[in-house]
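Inspection log for the structure reproduced underneath, given as C-alpha cells.
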Amino acid sequence: MVQARELSVPRRRAARTGARRRYAPRWRVLAVFLLPALLLYSVFIVYPLVSALDYSFFEWRGIRQTGFAGLGNYRDLLSVYPYDQQLWRAFGHNALFFGGTMLIQNTVGLLFALLLFRYGRGKRFLQAAFTTPYLVDPLVVGYLWSLLLNPTFGPVNALLDAVGLDSWALPWLGDTRTALPIVILVNAWQWVGFPMLMFSAALAGIPAEYHEAARVDGASAWQAFRRVTLPLLTPAIGVVSVLTFIGNFNAFGLVYAMAGSSGSPAGSTDVLGLLFYRVGFVEGGVEAIGRSSALAVLMFVFIFGVSLLATSYFRRRERRLV
Amino acid sequence: MNPTLGENERNCGPKGSLMKRRWIAGAIGVLAVALAACAPGGGASDQGDKAGADKVTLSLWSWRVEDVKAYEKILAKFEESHPKIHVEFKPFQATEYNNILATGLSSSGGPDVAQLRAYGGLQPLVEADQLLPLDGKVEALSGFDAKLLEGSKGHTDGKIYGVPFAYQTLQVLYNKKLFSDNGIEVPATWDDMIAAAKKLKAAGITPFAVAAGPDATWTLPITHEIFGNARYGSTAFRDALVKGEKKFTDPDFTASVKLIKDLEPYFPKDVVAVKIPDVQALFVTGKAAMYPTGTFDLAPVLAADPSLELGIFQVPPPPGSPVTTPVTPGWADGSFGVNAKSAHQAEALELVKWMATPEFGQLYATELKQLSAVPGVTPSDPLLAEMAKNYAGNGAPYTLLVNFRYGQPNGDAVFRDEVQKMLTGQTDPEAVAASVQKGVEQWFKPGN
C-alpha cells in the first residue's frame, strides 16, 4: 500500500502539468493493449460463467432447453438420490482436503522456509528440488503415485515387504480409511514448494533488527518466532491460505488420476470436482447440463464468497500490524 | 518504476501516432485470425458442392480415432459401387465425442452421417430432433436382431435412428495352458467352476482377473452380468422390471449381487485397489487363469501376447437360478445415423443402407476384429465366431446398461459405487439392490 501511494504521486503531478492534453488519445493505446486480454477474458472466463448461471435456471433434455426451471436444478441436486448424499459427502472431503493441506503442506512449507532461511547452505538447490514437482501436471503426478502405490506391482509395497514390514503393505488407495489421506499427502508432496517460496520471500522481507531486538530483550528462539516472525508473516499466510482454499475446493486432476471419476474406493475420495464431472459428463442422462451447471454455480458462489471473506479478514489482521 | 513510465510516454509522442495505427491494425488482424480459427469450419458438405456438379461429399463422424485406416479401406469399397459419392471419415476423441456431435448436429458444419452411441447415450440427440428416423427408409433393418435394434431406438417414440454396427458380448476368457497344467476342464456347473477356482488359488494362481479399482468401477456391472445374469433371471426379469412387475429389490436380483461378494476370495488380493491394466497383466502373464470380460478385451489381450492360447466359456448358472442354461449378456455398441439437417440426405441414406448390407458387415468384422451387428456375418476369428454363436443362441440383455441409462442417476452408476462399497465391507447385497431401486425410480416410469 505504502509503495503504491508513493508511486502514484509523480503521475498525478505529471497530469496536472498539462501532460494530459499532449497525450490526449492515450485511451486508444490503452484499449489496444487491454482489448485482446479483455476479449479473451470475456470469451473464456466471463461468458462461460454467465452461461453456466443461465443454463442452471433451465430445464434440459439433452442439449435442448425445454423451459424455465427456476431453482429446479438446484432443488434436484439437493434432493435427488444419490446426489443429495454425494454432494455433502464430497463437500466434507473437500473440507478435509483443505484442512489436511493447511496442516501438512503449509506447515511443512513454513518449516522448510525457516530452515532454508536459517541455514543457507544448498538453498538454491533445495528450493529448486522442492518446487520441481509442480512443473508436472497433477494428472501425471496422480498416475505416477498410483503406480508407485499399486498393491500388485507397485514398488512401495514391494519395498515394505522386502524390509519385513509386510503388515504395513496396505492397499493404500484401495482402503476407504487411507485413500483420502494418501491423496492429501501426494497433493502436499506436489505443492509444498509453493508455500515454501511464499514464506521464504516473506521471511526475507522481515528486517533483521526485529530479531536482534527480540534477542537483546532475552526472547528464546520459539518466542522470537511466535511473537515476531509469525505475526509478520500474516500477509503471506493470508495469501497461501486463500490460494490453498481455492485450489483444494476446485481439486480435480490429482483425485481423478488416483481415484477415478467415482472417487474410489466406495466414494471415500469423492470431491465436488469429481461430482461435477460425473453429473455433467460421465453419467449422461438428459438432465445433465442443467444439474451440472447448477453445481458449478454453487461451487463458484461458495469459493468466491469464502475467498472474499477470508481476504478481508486477513486484510484487517494486516492493518492491525501497521 | 518511474524511469520506465517515462520511456513509455516518450514512445507515444507525435512519431507514435503512425505506429499506433499500425498497432491497432495489427491487433485487429491478429484477433480476426484467432476468431476465424475458433469458428467452426465449413462442413464437408459445402466442399462437396464445390468439388463438382454431380459428385457429393459426405462427412462421416466417428469416435474411433484408432480406426481411420480400416474405415478408409471399408469406405473405398462403398465408393466403388457408388461412384457419385465421396465419404470423408472424420474421427474425434472418444471422450469428447458426445459433446462435439451434439454441437455439430445443431449447427451447419455438422456431419451427414454420424456414429451414434446406443441406448441412453442416443436419447439426448433423439429428444433434440437431430436425427432422421430410418423406419421404412432402410428396409434391411427388419432383418436385424431385435435386441440389438433396441440400442438405436428412441426411448419414448420407439423409432429407429441408426443402423447398428457392432455389439459386445460378455463371457469368461480363460488360459488353456493354465487349465491343462492344473488338470482343469471347462466348468459345466457352477460348483465345477468354484472347485476349479479353489484349485487354482491353491496353486498360487489368481482364479479370476477382476478389477474393482478407481479405473474399473465401470467393469463391476459387467462382472455382475457375467456371473449373475442367469441368477437374476435374465431377459424375463428385465421385461418384468420394465413393466413394473418386479423391482431391483427382488430376492433373485439381490442373490445375483451377493455372488460378487461370494467370489471375492477368488479375485486378486485387495481387489478394490486393483486396476484394469493390472488384471490384464496378470492374465496375459499367466498369473491369472480366467478373465471375465467383454469382446472388446480380446484384441488388447492378444496384442500383449499373441502366443496366448485362449478359450472362452459362458458361466454356468449358479444354484437357484431362474434361468438354467448358461447365457451370454450383450449389448449394441452403437449405430450409424443420418443428420436431420444434412444437405445430402438421399446420399446419406444410401450410405447407411449400405452399412446394413452383409458386404459392409463382413468388411467391418474383418478389418476391425469386432462382432458385426449385420445379420448373417460370421467372424473369421474362431473365438469371435464362438462369441457370436453364443449370443445368437443364448443372448441376454445387460439390463442396467440397456434399460436404465435414460435418466439421472443412471442404474449402473449407482450400482458400481454400491458394489465397491460392498467389496470394502461397508454395505451388503440387499442395500446395494435397494440403492439401485431408489436411484432409478426417481426417473424411471414402468411401462415405457
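The values are calculated or read from the model by the stated rules, or taken from the named source; none is laboratory data. Here the structure is a predicted model, which means the values were calculated and not measured. For neighbour counting, all protein chains shown are included, and Cβ atoms are generated from backbone atoms with ideal geometry for every residue, glycine included.
Kindly evaluate B:ASP262 against the criterion of being at positive phi, of a type outside the set (S, T, N, Q) and either assigned by TED's automatic domain parsing to the domain that holds B:VAL436 or modelled with pLDDT of 95 or more (or both). Explain how you work it out, then say what you get.
Working: at positive phi: no; of a type outside the set (S, T, N, Q): yes; either assigned by TED's automatic domain parsing to the domain that holds B:VAL436 or modelled with pLDDT of 95 or more (or both): yes.
No; evaluated as a whole, the condition is false for this residue.
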Residue among A:SER293, A:SER264 that is within 30 Å of A:PHE57 (Cα to Cα), crowded, with 19+ Cβ neighbours inside 10 Å, of a type in the set (S, T, N, Q) and within 14 Å of chain B (Cβ to nearest Cβ) = A:SER293
Got a sec? Which of B:GLN408, B:GLN442 is within 7 Å of another protein chain (Cβ to nearest Cβ), more than 18 Å from A:SER264 (Cα to Cα) and either touching an Asp or Glu at 6+ places or on another chain (Cβ under 7 Å) or hydrophobic (A, V, I, L, M, F, W, C) (or both)?
-> B:GLN408
Residue tally, condition among the polar types (S, T, N, Q) and outside any helix (DSSP H, G or I), over the stretch B:66-105 = 1
Test: B:ASP239 is touching a residue at least 24 places away in the same chain (Cβ under 8 Å) and charged (D, E, K, R) | no
Listed by range, helices (runs of 4 or more DSSP H) wholly within the stretch A:24-98 having at least 1 residues that are within 13 Å of another protein chain (Cβ to nearest Cβ) and among the aromatic types (Phe, Trp, Tyr) are A:26-41, A:47-56
Confirm whether A:SER292 is closer than 13 Å to A:ASN73 by Cα and without any contact (Cβ under 8 Å) to a residue 60 or more places away in the chain.
-> yes
Picking from B:GLY286, B:GLY311, which residue would you name as being in the same structural domain as B:PRO429 (by TED's automatic domain parsing), at positive phi and either assigned to a strand (DSSP E or B) or not aromatic (Phe, Trp, Tyr) (or both)?
-> B:GLY286
Can you spot a residue in the stretch A:130-151 that is over 30 Å from B:THR424 (Cα atoms), in the same structural domain as A:ALA257 (by TED's automatic domain parsing) and free of Cβ contacts under 8 Å to residues at least 24 places away in the same chain?
-> yes
Determine if the stretch A:63-79 includes at least one residue that is closer than 19 Å to A:ASN250 by Cβ, of a type outside the set (S, T, N, Q) and in the same structural domain as A:PRO265 (by TED's automatic domain parsing).
-> yes
Across the stretch B:112-150, which residue is farthest from A:PHE281 (Cα to Cα) among those that are surrounded by 19 or more Cβ atoms within 10 Å (Cβ to Cβ) and among the acidic types (Asp, Glu)?
-> B:ASP112
Here the residues within the stretch B:324-370 that are basic (Lys, Arg) and under 19 Å from the mean Cα position of the chain (by Cα) are B:LYS369
Of the residues in the stretch B:151-172, those that are buried (at least 23 other Cβ atoms within 10 Å of the Cβ) and within 30 Å of B:THR285 (Cα to Cα) come to B:TYR167, B:THR169, B:LEU170, B:GLN171
In the stretch B:236-261, the residues that are surrounded by fewer than 17 Cβ atoms within 10 Å (Cβ to Cβ) and more than 17 Å from B:PHE415 (Cα to Cα) | B:ALA236, B:ASP239, B:ALA240, B:LYS243, B:GLY244, B:GLU245
Given (1) over 20 Å from B:GLY151 (Cβ atoms); (2) crowded, with 19+ Cβ neighbours inside 10 Å, number of the condition B:VAL377 does not satisfy = (1)
Apart from one, (1) out of contact with any strand residue (DSSP E or B) (no Cβ under 8 Å at 6 or more places or on another chain); (2) aromatic (Phe, Trp, Tyr); (3) in contact (Cβ under 8 Å) with a residue 40 or more places away in the chain all hold for A:PHE58; the odd one out is (1)
Please identify the pairs in which a residue from the stretch B:255-282 that is under 20 Å from B:ALA433 (Cβ atoms) has its Cβ atom under 8 Å from the Cβ atom of a residue that is in a helix (DSSP H, G or I) and among the polar types (S, T, N, Q), counting only partners at least 6 apart or on another chain.
-> B:SER256/B:ASN229; B:ILE260/B:THR223; B:VAL272/B:GLN420
Pairs under 6 Å by beta carbon, first residue assigned to a helix (DSSP H, G or I) in the stretch A:189-212, partner acidic (Asp, Glu) and surrounded by 20 or more Cβ atoms within 10 Å (Cβ to Cβ), six or more apart or different chains?
-> none
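If I filter the stretch B:415-422 for residues that are under 25 Å from A:LEU275 (Cα atoms), free of Cβ contacts under 8 Å to residues at least 40 places away in the same chain, of a type in the set (D, E, K, R) and within 14 Å of chain A (Cβ to nearest Cβ), do I get at least one hit?
Going through the stretch B:415-422, the residues under 25 Å from A:LEU275 (Cα atoms) turn out to be B:415-422.
Among the residues that remain, those that are also free of Cβ contacts under 8 Å to residues at least 40 places away in the same chain are: B:418, B:421.
Of the ones still in play, those that are also of a type in the set (D, E, K, R) are B:418, B:421.
From what's left, within 14 Å of chain A (Cβ to nearest Cβ): B:418, B:421.
Scanning the stretch B:415-422, I find at least one residue that is under 25 Å from A:LEU275 (Cα atoms), free of Cβ contacts under 8 Å to residues at least 40 places away in the same chain, of a type in the set (D, E, K, R) and within 14 Å of chain A (Cβ to nearest Cβ), so the answer is yes.
Which residues, taken from the stretch B:265-274, are crowded, with 17+ Cβ neighbours inside 10 Å and within 14 Å of another protein chain (Cβ to nearest Cβ)? Can you show your working first?
Of the stretch B:265-274, the ones crowded, with 17+ Cβ neighbours inside 10 Å are B:266-268, B:270-274.
Those that are crowded, with 17+ Cβ neighbours inside 10 Å and within 14 Å of another protein chain (Cβ to nearest Cβ): B:PHE267, B:PRO268, B:ASP270, B:VAL271, B:VAL272, B:ALA273, B:VAL274.
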Residue satisfying all of: in the stretch B:201-221; in a helix (DSSP H, G or I) and more than 16 Å from the chain's Cα centre (by Cα); nearest to the other protein chains (Cβ to nearest Cβ) among these = B:LYS201
For B:VAL172: the one exception among (1) assigned to a loop (DSSP other than H, G, I, E, B); (2) touching a Pro at 6+ places or on another chain (Cβ under 6 Å) | (1)
